[in-house]
Amino acid sequence: MALLSDLINLDLSNTTDKIIAEYVWIGGSGMDLRSKARTLPGPVTDPAKLPKWNYDGSSTDQAPGDDSEVILYPQAVFKDPFRRGNNILVMCDTYTPAGDPIPTNKRFNAAKIFSHSDVAAEEPWYGIEQEYTLLQKDVKWPLGWPVGGFPGPQGPYYCGVGADKSFGRDIVNSHYKACLYAGINISGINGEVMPGQWEFQVGPCVGIHAGDQLWIARYILERITEIAGVALSFDPKPIPGDWNGAGAHTNYSTKSMRNDGGIHVIKKAIEKLGLRHKEHIAAYGEGNERRLTGRHETADINSFSWGVANRGASIRVGRDTEKAGKGYFEDRRPASNMDPYVVTSMIAETTILWKP
Amino acid sequence: MSLLSDLVNLNLSDCTEKIIAEYIWIGGSGMDLRSKARTVSGRVSDPSKLPKWNYDGSSTGQAPGEDSEVILYPQAIFKDPFRRGNNILVMCDAYTPAGEPIPTNKRCAAAKIFSHPDVVAEEPWYGIEQEYTLLQKDVKWPIGWPLGGYPGPQGPYYCGVGVDKAFGRDIVDSHYKACLYAGINISGINGEVMPGQWEFQVGPAVGICAADELWVARYILERITEIAGVVLSFDPKPIQGDWNGAGAHTNYSTKSTRCDRGYEVIKKAIEKLGLRHKEHISAYGEGNERRLTGRHETADINTFLWGVANRGASIRVGRDTEKEGKGYFEDRRPASNMDPYVVTSMIAETTIVWKP
């Protein structure tokens, strides 16, 4: 394949000013990522300067066949780690031709919440820990697991090293560098408790950026697993039994929490979240009841609890935060298949705007 | 996979100041290495300038679930041979949030011994000969060995060459260069007596550095075997019968043994070690009784004896040292799965600090 990779890696900057922009959007299921590319006459870094576009919504379950155009509004630009050069990835959201957000567009509402003056004043920061599982392509069984059987029980795999403990590191490490290249604020990676499961963290990001960056990071990950010939799963409990699930723990702080006395603001915020537990859970990802059992480092889906350094609670406050009297807290309830636009804006809405 | 390796090998120094730091620590068994990575805003070469971090000790057998945070203190930095660029590996040790070393943290006590003024004055040097065995991934049988059978008896394999005598050289050679790249003082490699078994040596290194470097060398080796799809074993007697075990012979000298009349100091030191034979043996690695049988170039575990050029002794003094009247000696008792923090500091403590 030597010639094919020569062509894929062609550096076009010497021959043309044109660039390729890959427009990325979320499809009809709310979790399926879609993308297509177009040529632009020159380099662009400001999403407002990119043209709106459209796609066939009847092929993604987002529009009827006789009125199929869905409009793409560019919202965030990142460097393309696959095409490199001046080429870009563009995170978009989706509208009807009349200019209304289509039902699956969760970004629109999130952006409204984040531009509310009370929320903007609090400068909400998010750090999202995205867990995911890698599956063998044709059997949908986790990578590294024997087909027709199971690996040894959990214990050796968390942050593990070695051919019998770590499966798929090249995917994880290329994703890390690709995201840094793209301009995503990826803060770290680690191997997870269940073999074949991994985690990356995006943040701290302010407001709507957390959702944009996480979605593009997910897109880059799915492109990389495509190259590696491995299937990517965001299912919150991919294997039933004594195997950990996959979550998207969301770390959160506001200006008030980060300042002196913040610990009291944190406790008030956690209280409000407790009063809206059911509403949050309903928006925290499909299938979460298979994951939030009270075992495997989760809290039961029907209980709301919080604790310092307690990984079995709904909300965990770090020892650093407790000691410093200010900082952030971790909502451990969201599932790996949550929509970060929904989760981040809902946490901001409940803790800053909502009055019990 | 040429595209995946393009991404894994991306040189980020052109597009960001950020670097990736891989924090490494020892898990709950005392032999399992763990690591996870984080993004750091710029280049760092001084471990004291790196942030402390924490991990989920409940997943490594080092903390309970409801109080799971274990704190990582960076202790030594090496260049990352896998990510290259300005990226780094960071050897850490583990503490409770209150600042106490957790029970499996052997470095803390070793560092105390190495900062004792008498020990510092003697500038103890260590050269550790780390032996290890490579195993086929799914059957845990040494590489190059026929499944369900055995290779020809020992004889041709020690430092051997050829497809029927040397198994896994690419792993050994990439490890050698990777360690040199990382800044580890790796002094050599050789194929061992048992086929599929190899050795590398780290040293001479002073005091606590010997163990830091050996642990990171072990980590790099496990990352390389992971890439090669081969399982790494530090078991001291991987195959029963007429097959050599695997040790971690520890060569040792102090300022006094390296000076004129050092040979007298060496003899005194060996005497003291003989008086504490049982204590040392119990700290020299699990399962060592299967290896120290008195055969296969070992001394029986219950006997303490020393001799010049004697590989069947507990302690061997080289002919060079005898001839020059100064130099170093080799403690042949430690097993391949010994903890170098424990062994190096114990040898220093017994020979320099302890009074019979």
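The values are calculated or read from the model by the stated rules, or taken from the named source; none is laboratory data. Predicted, not measured: the structure shown is a model, and the values here were computed from it. We place every Cβ from the backbone using ideal geometry, glycine too, and count neighbours over all the protein chains shown.
Take residue A:126 and tell me if it is within 19 Å of the chain's Cα centre (by Cα) and buried (at least 22 other Cβ atoms within 10 Å of the Cβ). Considered against the rule, which asks whether it is within 19 Å of the chain's Cα centre (by Cα) and buried (at least 22 other Cβ atoms within 10 Å of the Cβ), residue A:126 comes out as yes.
Every residue, every condition in (1) at pLDDT 95 or above; (2) surrounded by 18 or more Cβ atoms within 10 Å (Cβ to Cβ); (3) in the same structural domain as residue B:236 (by the TED database); (4) among the small types (Gly, Ala, Ser), yes or no:
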| site | (1), (2), (3), (4) |
| --- | --- |
| B:8 | no, yes, no, no |
| B:32 | yes, yes, no, no |
| B:37 | yes, yes, no, yes |
| B:52 | yes, no, no, no |
| B:58 | no, yes, no, yes |
| B:68 | no, yes, no, yes |
| B:71 | yes, yes, no, no |
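Of all residues in the range A:76-123, those being outside any strand (DSSP E or B) and within 14 Å of chain B (Cβ to nearest Cβ) number 8.
Find the residue count for the range B:211-244, including only residues that are under 29 Å from residue B:295 (Cβ atoms) and touching a strand residue (DSSP E or B) at 6+ places or on another chain (Cβ under 8 Å). Please lay out each step first, then the result.
First, the residues of the range B:211-244 that are under 29 Å from residue B:295 (Cβ atoms): B:214, B:217-218, B:221, B:225, B:230-244.
Those left that are additionally touching a strand residue (DSSP E or B) at 6+ places or on another chain (Cβ under 8 Å): B:214, B:217-218, B:221, B:225, B:230-236, B:238-239, B:244.
Counting residues in the range B:211-244 that are under 29 Å from residue B:295 (Cβ atoms) and touching a strand residue (DSSP E or B) at 6+ places or on another chain (Cβ under 8 Å) gives 15.
Restricting attention to the range A:137-163 and to residues that are under 21 Å from residue B:57 (Cα atoms) and of a type in the set (Gly, Ala, Ser), the residue that is farthest from the other protein chains (Cβ to nearest Cβ) turns out to be A:152. On the basis of being among the small types (Gly, Ala, Ser) and assigned by the TED database to the domain that holds residue A:29, does residue A:99 make the cut? Answer is yes for this residue.
What do you reckon, is residue A:311 in contact with a Pro (Cβ under 8 Å, 6 or more places away or on another chain) and either at positive phi or in the same structural domain as residue A:345 (by the TED database) (or both)?
Here the answer is no, as residue A:311 does not meet what is asked.
A residue that is more than 24 Å from residue A:169 (Cβ to Cβ) and either away from chain A (no Cβ under 11 Å) or in contact with a Phe, Trp or Tyr (Cβ under 8 Å, 6 or more places away or on another chain) (or both) occurs somewhere in the range B:52-61. Evaluate the range B:130-142: report whether one residue or more is more than 20 Å from the chain's Cα centre (by Cα), of a type in the set (Ser, Thr, Tyr) and over 29 Å from residue A:174 (Cβ atoms). No, because not a single residue in the range B:130-142 is more than 20 Å from the chain's Cα centre (by Cα), of a type in the set (Ser, Thr, Tyr) and over 29 Å from residue A:174 (Cβ atoms).
If you scan the range A:124-133, which residues turn out to be within 14 Å of chain B (Cβ to nearest Cβ) and closer than 14 Å to residue A:244 by Cβ? Across the range A:124-133, the qualifying residues are A:129, A:131.
Would you say residue B:188 is closer than 25 Å to residue B:94 by Cα and assigned to a strand (DSSP E or B)? Criteria not met by residue B:188.
How many residues are within 7 Å of chain B (Cβ to nearest Cβ), aliphatic (A, V, I, L, M) and surrounded by fewer than 23 Cβ atoms within 10 Å (Cβ to Cβ) when one looks only at the range A:164-188? Step through it out loud before you land on a result.
Within the range A:164-188, the subset within 7 Å of chain B (Cβ to nearest Cβ) is A:164, A:166, A:169-170, A:173-174, A:176-178, A:180-181, A:186-188.
This time we only want the ones that are aliphatic (A, V, I, L, M), so: A:178, A:180, A:186.
So of that shortlist, the ones also surrounded by fewer than 23 Cβ atoms within 10 Å (Cβ to Cβ) come out as A:180.
So the count comes out to 1.
The residue that is farthest from the other protein chains (Cβ to nearest Cβ), among those in the range B:62-75 that are in contact (Cβ under 8 Å) with a residue 24 or more places away in the chain and in a strand (DSSP E or B), is B:75.
Counting only helices (runs of 4 or more DSSP H) that sit wholly inside the range A:230-349, those with at least 3 residues that are crowded, with 20+ Cβ neighbours inside 10 Å are A:262-275, A:340-348. If you go through the range B:73-102 and keep only what is of a type in the set (Lys, Arg) and buried (at least 20 other Cβ atoms within 10 Å of the Cβ), you end up with just B:83. Residue count for the range B:1-40 under the criterion of being at the interface with chain A (Cβ under 7 Å from one of its Cβ atoms) and assigned to a strand (DSSP E or B): the result is 8.
Would you mind stating whether residue A:251 is at the interface with chain B (Cβ under 8 Å from one of its Cβ atoms) and within 17 Å of the chain's Cα centre (by Cα)? Can you show your working first?
On the way: at the interface with chain B (Cβ under 8 Å from one of its Cβ atoms): no; within 17 Å of the chain's Cα centre (by Cα): yes.
No: the conditions fail for residue A:251.
Scanning the range B:193-214 for residues that are surrounded by 22 or more Cβ atoms within 10 Å (Cβ to Cβ) and not in a strand (DSSP E or B) yields a total of 10.
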